[in-house]
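Student: Take a look at the following structure, please.
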Amino acid sequence: MKQLMALIDLFHVYGIAVIFDLVENHAGGEFGDESLYFMDRQSYGDNNHSLYFTDQGWAGGLIFAFWKREVRQFLIDNAAFFINEYHVDGFRFDEVTVIDRYGGWEFLQNLTDTLRSQKPSAPLIAEYWADHSAVLRSRSDADAVVDSNLREALCGALAQASPGKDAPVDLDTVVRELYPKHGGAWRSVHHLENQDVVRVNNDNDRQPRVPALADGSNPRFWYARNRSHWANGLLLTAPGTPMLFMRQEFLEDKYWSDSPDFYKANLIWWNGLNSDRAMQDHLRFIRELIALRRRLPALQADSLNVYHVHNDNRVIAFHRWVAGVGTDVVVVANLREETLVGIQTRFPARRHVAGGL
């Protein structure tokens, strides 16, 4: 525990915020005599006899009894403990959909109210796989939501492009998902990969990593590298809060796993950063894009106008700006296998009206 506290303090010294993934929809483990399960020493046989849990399960664990005041307070105190004692900067709430499904909506509102009172600056991000706007409707709900829509559009385009230059690609879906939702672009946490969709364990084999999706025949070849640049480039220049999954920044094509049966074959290849030119180049590309996003205010704003999309040429162009100020940026993204010469696209003329073109 002390080591984790020290690690968080060390991150803060270097200007790195720490957001915990808080799992309060269920508890895992063996649920034996030494666990939280049956802490009140009820008889085995009916999980509903436990003080903390129900007889309903999720992801290998038991769901908390959210209707009990003692259980709700225990979970709220647990979250507050990490703010006050560990000095974490915010939370991602795991599977809020499950909490809601099993009667925990009032608990969620009490939880976010408490955390805001203790640390108003802490971002509270919900993983909610239903109507995303449902957890963003009032100040007592979450600040932002993990949004999979742009991921599905970008990864869908990569999969369509992977057979080669003559394969049809639907960029209109990508265009639709680039536009901000939920009353503010920052409230959508966009990503290409996460711990669920690229994890392999005993039960599942999920979506390929981005390079493997971009070119299933050779995830290290030119086609995979450049298509990966396209997807990551749009992620980091689109409206919203971008999230990178571990190793995505240096072109990882292997799954990850926390299962003892699989994790050894999927460990991070750190030595590749010293020897693999593709990894080195992709890491530099991601670093420079992140720096560009931080330097250009337009890439942090809500504004977006996609003024050019051509499915046959696989080209998207969009305009970003700061409402009432300018600082305009134009992004052009090419998903073809060659450099396009002689393709013409206009630069948009911005009207002198705050927030519009």
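Values in this text are rule-based calculations from the coordinates and carry no lab data. This structure is a prediction, so every number in the text was calculated from the model and none was measured. With ideal geometry, Cβ positions are generated from the backbone for all residues, glycine too; neighbour counts draw on all protein chains shown.
Student: How about the range 303-335: which of its residues are outside any strand (DSSP E or B) and either aromatic (Phe, Trp, Tyr) or buried (at least 18 other Cβ atoms within 10 Å of the Cβ) (or both)?
Tutor: Answer for the range 303-335, where residues must be outside any strand (DSSP E or B) and either aromatic (Phe, Trp, Tyr) or buried (at least 18 other Cβ atoms within 10 Å of the Cβ) (or both): SER303, LEU304, ARG314, LEU335.
Student: Look at LEU292 and say whether it is surrounded by 13 or more Cβ atoms within 10 Å (Cβ to Cβ) and under 22 Å from ASN149 (Cα atoms).
Tutor: no
Student: Here's a follow-up. From the list ALA323, ALA265, pick out the single residue that is touching a Ser or Thr at 6+ places or on another chain (Cβ under 9 Å) and in contact (Cβ under 8 Å) with a residue 12 or more places away in the chain.
Tutor: None of the other options fit; the residue is ALA323.
Student: On to the next question. With the checklist (1) exposed (fewer than 13 other Cβ atoms within 10 Å of the Cβ); (2) free of Cβ contacts under 8 Å to residues at least 12 places away in the same chain; (3) touching a Gly at 6+ places or on another chain (Cβ under 7 Å); (4) not aliphatic (A, V, I, L, M) in hand, flag the one item GLU34 doesn't pass.
Tutor: (3)
Student: Restrict the check to the range 101-108 and report whether at least one residue is of a type in the set (Ser, Thr, Tyr), surrounded by 16 or more Cβ atoms within 10 Å (Cβ to Cβ) and not in a loop (DSSP other than H, G, I, E, B).
Tutor: Taking every residue of the range 101-108 in turn, none turns out to be of a type in the set (Ser, Thr, Tyr), surrounded by 16 or more Cβ atoms within 10 Å (Cβ to Cβ) and not in a loop (DSSP other than H, G, I, E, B).
Student: Quick check: anything in the range 165-183 under 16 Å from the mean Cα position of the chain (by Cα) and β-branched (Val, Ile, Thr)?
Tutor: There is no residue in the range 165-183 that is under 16 Å from the mean Cα position of the chain (by Cα) and β-branched (Val, Ile, Thr).
Student: Further question on the same structure: May I ask you to list the residues in the range 271-285 that are exposed (fewer than 14 other Cβ atoms within 10 Å of the Cβ) and over 17 Å from LEU244 (Cα atoms)?
Tutor: Residues satisfying the conditions are ASN271, LEU273, ASN274, SER275, ARG277.
Student: Could you list, in sequence order, all residues of the range 46-85 that are charged (D, E, K, R), in a helix (DSSP H, G or I) and free of Cβ contacts under 8 Å to residues at least 24 places away in the same chain?
Tutor: Scanning the range 46-85 gives ARG69, GLU70, ASP77.
Student: I'd like the full set of residues that are over 19 Å from THR237 (Cβ atoms) and assigned to a helix (DSSP H, G or I), limited to the range 141-165.
Tutor: Once the filter is applied, which keeps residues that are over 19 Å from THR237 (Cβ atoms) and assigned to a helix (DSSP H, G or I), the range 141-165 yields ALA159, GLN160.
Student: State whether one or more residues within the range 165-176 are crowded, with 17+ Cβ neighbours inside 10 Å and within 24 Å of ASN266 (Cα to Cα).
Tutor: Checking the range 165-176: not a single residue is crowded, with 17+ Cβ neighbours inside 10 Å and within 24 Å of ASN266 (Cα to Cα).
Student: Here is a further query. In the range 110-140, what residues are surrounded by 15 or more Cβ atoms within 10 Å (Cβ to Cβ), part of a helix (DSSP H, G or I) and not hydrophobic (A, V, I, L, M, F, W, C)?
Tutor: ASN110, THR112, THR114, ARG116, HIS132
Student: Follow-up question, since we're still on this one. Residues of the range 306-343 being basic (Lys, Arg) and under 20 Å from TYR223 (Cβ atoms), which ones?
Tutor: If the condition is that a residue be basic (Lys, Arg) and under 20 Å from TYR223 (Cβ atoms), then ARG314, ARG336 are the ones that fit.
Student: So for the range 194-206 (the condition being free of Cβ contacts under 8 Å to residues at least 24 places away in the same chain and in a helix (DSSP H, G or I)), does at least one residue qualify?
Tutor: no
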